Amino acid sequence: MEVNPDSPVIASLRAQFEADPAGGQAAATAELLYETALLTSGFNVESPKEFAGRIYSLISSSGGAPAAGGSSGSGSASKAASPPSREEVTPEVMADNDNEGGDPWRV
C-alpha cells in the first residue's frame with residue numbers, strides 16, 4: 001500500500017484525526033483502509049465478519065445509500081428537512097459447509 005499525501009482519502013483521514021485526535025474515527029478509518037489494501041492485493045483480512053461490520057458502520061454513519069427514487073429535488077421541503085430514519089444492521093458472515101476444500105471458485 002502506497003500512501004499518497006495528496007489523495008482525497010488521505011486528506012479526509014488527516015482531517016478526521018485533526019478534528020479529534022483522541023477519538024476513534026481516524027483509527028477506524030485507517031484500519032479499514034489497511035484491510036481494503038490487503039484485499040485488493042490478494043490477501044485475506046483477519047476477520048471478514050468484523051471487516052463487514054466496519055463497512056456497514058461506515059455506510060450507516062454516512063447516511064447510507066440514496067433512496068430508490070433518488071433525490072432530484074422534486075420532494076416537498078418538509079421531507080428534505082427531516083433526517084432519514086436509520087435501521088440497525090448486524091452483519092453476518094456465513095460459512096459454506098458444502099465447500100470443505102475452501103476453494104472459493106468451486107460451486
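Working out 0.36 nm times the residue gap between Ser61 and Ala30, then minus their Cα-Cα distance, what length gain in nm do you get to one decimal?
The span from Ser61 to Ala30 would gain 9.6 nm if fully extended.
Under Stokes-Einstein, with the Kirkwood radius over Cα pairs standing in for Rh, what whole-number D in µm²/s applies to segment 24-63 at 10 °C and 1.306 mPa s?
In µm²/s, the coefficient is 152.
Quick note: the coordinates plus some simple rules give every number you see, no bench work behind them. Bear in mind that the values here come from a model prediction, so they are computed numbers and not experimental data.
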